[in-house]
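The values are calculated or read from the model by the stated rules, or taken from the named source; none is laboratory data. As the structure is a prediction and not an experimental result, all values here were calculated from the model. So basically every Cβ, Gly included, is an ideal-geometry build from the backbone, and we count neighbours across all protein chains shown. Heavy atoms of the whole protein, side chains included, go into the accessibility calculation; ligands, DNA and RNA do not. Shrake-Rupley method; radii C 1.70, N 1.55, O 1.52, S 1.80 Å.
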Amino acid sequence: MGGCDGCASSGSCPSYSSGDSCSSGSCGGEKKLPPGMLEHYNTNQSTADGTLVFIEVSDKGGVQKIEPVSIQLLGKASEMQGGRIFGIVFGGPERKELYKEIFSFGVDTLYHVRDPRLSVFHPEAYAESVAAVCERVIPATVLIGSTPRGAELAPRAAASMGTGIVTECSDLALEGRKLSMFRVSEGRKTRYECITFPQVATVKEGVFPFPAAQEGRGGTAFYWQYKGDGFKQIL
Amino acid sequence: MDYVLFVTGGPDSALGMLQSVMQEGDTFSAVAIGGEKLDEILDTCISAGASETYRLMDKAFIGSDTWALARTYAAFAGKYHPGAEALIFARYSSAMPMLAHLIRAQQFCYVADMERDDLGMIVTQDYGDDRRRCRVPSGSVISLKEGVDIPFQDKGASTSDVRILGLEDLELAEMSVGSFGSRVFEREVC
């Protein structure tokens, strides 16, 4: 068995059970794992990475338009270089016309919650969908514009994910995956941190500059089906 | 029907709005979270017809972020007013949508008007660029639009002591509230 006797694998190592010797030599021949192995494979570490931005779209006079604050947040996300940038947009097939513009502002992967009923704002359905997409992509950060609808959506989405939120941030800074969220209140600028992932922040329009579009930049779009019943009865 | 008013600022417009939809036999309770200085506001609610007033206060609540605050509100609503027709916030707070999620209720923000018909309550939401009327399911959480000005009718003060509720009354664990239960922390002043 060549050094497998006393191996901490407790006989679960395939090399041991087949009768072959342990070819990698990693069993160590002692009743413990190689030094530093548990630290290296820290299975308690979160795998959250990247930024999800809520792309708010308004429909005025039959013309759909991305809210400026969503584009400003995409610019900030690109500047912070915190990994992949995900976008989430709601509405029917007509939203496809916005894909090119969304990708040009830095989105790598777009989740289109494709349902004509969701062209109208339903905060419960929106929050459920944001949480479901976050469960799929596991972002470290979620950024939502502090418009009236965004301000209504963001806390519910954060609660759906059991995480905290800092609203109306005046600045954001990323170090690794740790987001510092700054807020000014009564003339005082304070830095906040969220100890859980994802870190949810809302930002008002105009806090960050409008980024330049990268013409011809592409991305990947996924359709996402909303299967819940979080719709309001609008009269 | 029973309503709950969460006092998160001046309650006058909320009291006016509530009085406009309440019918004979309906009751409402007012609740605030914080220290004794809130008793004056709760007295205003009593004069407007609140049948009960509560003040949530405990050392353990200190340092709560909106998540911990929402859990405190949810514990109160679940234990003391589980069948409330609507939970109303006098002013929008981030804890309001979090509370709505925790109690699995619909949320209605920026409410500029409330009315009732045979089927129940209807609210008008004003997003600034759009107004819409929605039917409100029982148990929903509502917050009023800022700037709504609806005077309330003073029905005369009645003696009603403010009930002070703490951690044990709400059956909350210490790790659920305050800084232990928070997700967001203030790190430094810049």
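Table for the structure above
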{"item": "Subset of the range A:189-235 that is in contact with a strand residue (DSSP E or B) (Cβ under 9 Å, 6 or more places away or on another chain) and of a type in the set (A, V, I, L, M) - its residue that is nearest to A:E97 (Cα to Cα)", "result": "A:A221"}
{"item": "Test: residue in the range B:164-187 that is at the interface with another protein chain (Cβ under 10 Å from one of its Cβ atoms), among the charged types (D, E, K, R), under 30 Å from A:C194 (Cβ atoms) and touching a Lys or Arg at 6+ places or on another chain (Cβ under 7 Å)", "result": "yes"}
{"item": "Looking only at the range B:91-137, and only at residues there that are facing another protein chain (nearest Cβ under 7 Å) and in a strand (DSSP E or B), the one that is farthest from B:A77 (Cα to Cα)", "result": "B:R132"}
{"item": "Close pairs from the range B:67-79: first within 14 Å of chain A (Cβ to nearest Cβ) and farther than 21 Å from A:A157 by Cβ, partner in a helix (DSSP H, G or I) and of a type outside the set (G, A, S), Cβ under 6 Å, at least 6 apart", "result": "none"}
{"item": "Every residue from the range A:80-129 that is open to solvent by 10 Å² or more (accessible area, probe 1.4 Å) and of a type in the set (F, W, Y)", "result": "A:F86, A:Y99, A:F103, A:F105, A:Y111, A:F121, A:Y126"}
{"item": "Among (1) at pLDDT below 95; (2) within 14 Å of chain B (Cβ to nearest Cβ), the one test that A:G83 misses", "result": "(2)"}
{"item": "The range A:213-235 residues that are closer than 30 Å to B:Q106 by Cα and free of Cβ contacts under 8 Å to residues at least 24 places away in the same chain, paired with ones that are open to solvent by 60 Å² or more (accessible area, probe 1.4 Å) and not in a loop (DSSP other than H, G, I, E, B) (beta carbon under 9 Å, 6 or more apart)", "result": "A:L235/B:R133"}
{"item": "A:V137 being surrounded by fewer than 23 Cβ atoms within 10 Å (Cβ to Cβ), under 27 Å from B:F185 (Cβ atoms), among the β-branched types (V, I, T) and assigned by TED's automatic domain parsing to the domain that holds A:Q72", "result": "yes"}
{"item": "Flag for A:S46 being in the same structural domain as A:A173 (by TED's automatic domain parsing) and under 22 Å from A:P155 (Cβ atoms)", "result": "no"}
